[in-house]
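So the structure is just underneath, and the comments pick up after that.
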Amino acid sequence: MPKKKSATLFEDALAELEQLVNRLEQGDIALEESLKSFERGVALTRTCQQALQEAEQKVQILIEKNGTQSLEPFTDEPSVKRIP
């Protein structure tokens with residue numbers, strides 16, 4: 001799948017999933033519609049997970065060095081320590 005199409009698919013699925021969650025959180029829809037929305041949400045979640053797995057595989061391929069991978073753990077902490 002081309003890069004642009006894959007990214008668009010992920011973004012569209014994520015946007016639809018956010019809309020479904022918002023509707024479900026409001027709680028003003030019928031039970032049957034809630035169940036259909038939940039089922040759709042599960043399918044969208046799987047689509048997003050697959051797109052993320054594909055992206056992770058591409059990243060691993062890109063960082064491969066001399067036939068061996070040198071993955072480093074991700075931390076979301078800044079490299080410079082902030083002073084409170």
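Residue-by-condition table, conditions (1) in contact with a helix residue (DSSP H, G or I) (Cβ under 6 Å, 6 or more places away or on another chain); (2) at pLDDT below 80:
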position	(1), (2)
Lys36	no, no
Leu44	yes, no
Ala55	no, no
Asn66	no, yes
Leu71	no, yes
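From the set of residues in the stretch 24-37 that are surrounded by 14 or more Cβ atoms within 10 Å (Cβ to Cβ) and out of contact with any Phe, Trp or Tyr (no Cβ under 8 Å at 6 or more places or on another chain), which is nearest to Gln49 (Cα to Cα)?
Ser37
Kindly list, by first and then second residue, each pair from a residue in the stretch 31-43 that is farther than 11 Å from Leu17 by Cα to a residue that is in a helix (DSSP H, G or I), limited to pairs with Cβ atoms under 7 Å and residues at least 6 apart or on different chains.
Ser34/Leu24
The values are calculated or read from the model by the stated rules, or taken from the named source; none is laboratory data. Keep in mind that this is a model prediction, so the values were computed, not measured. Heads up, the Cβs are rebuilt from the backbone with ideal geometry, glycines too, and the neighbour counts pull from every protein chain shown.
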